[in-house]
Amino acid sequence: MYSTRAHKAPGDRANPPAREFAVRLDLTDDLVRLEVRDSGDGRPEIQHADDSSCSGRGLFLVGELAAEFGVDHHVVGKTVWAAFKRPATP
């Protein structure tokens, strides 16, 4: 498991200052589970970005690559998670 905290630059108006996040990675015999928890109250949604968009593809890509994914809401913040199947070892 790896966890970290980050703070936004004071002039970053898109994200409030002092927003914290944590990253967790769990490995089992058949799955890799990635979790990202933050203190924001936003509701992540799959975007429908056009070819000229510079952003808006992240959750779409997660949905295409992961075996399953979801969002767990907490009293403060949320956890966005994805589970990826591990290839079978010979």
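The values are calculated or read from the model by the stated rules, or taken from the named source; none is laboratory data. Keep in mind the model is a prediction, meaning the values are calculated, not measured. Cβ coordinates were reconstructed from backbone atoms using ideal geometry, including for glycine residues, and neighbour counts include every protein chain displayed. These area figures cover heavy atoms from the full protein model, side chains too; ligands, DNA and RNA do not enter into them. Shrake-Rupley method; radii C 1.70, N 1.55, O 1.52, S 1.80 Å.
If you go through the stretch 30-40 one residue at a time, do you hit one that is surrounded by fewer than 13 Cβ atoms within 10 Å (Cβ to Cβ) and at pLDDT 90 or above? Yes; the residues of the stretch 30-40 include at least one that is surrounded by fewer than 13 Cβ atoms within 10 Å (Cβ to Cβ) and at pLDDT 90 or above. Hey, any hits in the stretch 13-23 for a residue that's surrounded by 10 or more Cβ atoms within 10 Å (Cβ to Cβ), at pLDDT 85 or above and of a type in the set (A, V, I, L, M)? Within the stretch 13-23, one or more residues are surrounded by 10 or more Cβ atoms within 10 Å (Cβ to Cβ), at pLDDT 85 or above and of a type in the set (A, V, I, L, M). Within the stretch 63-87, being open to solvent by less than 70 Å² (accessible area, probe 1.4 Å) and either outside any strand (DSSP E or B) or of a type in the set (S, T, N, Q) (or both) holds for Gly63, Ala66, Ala67, His74, Gly77, Thr79.
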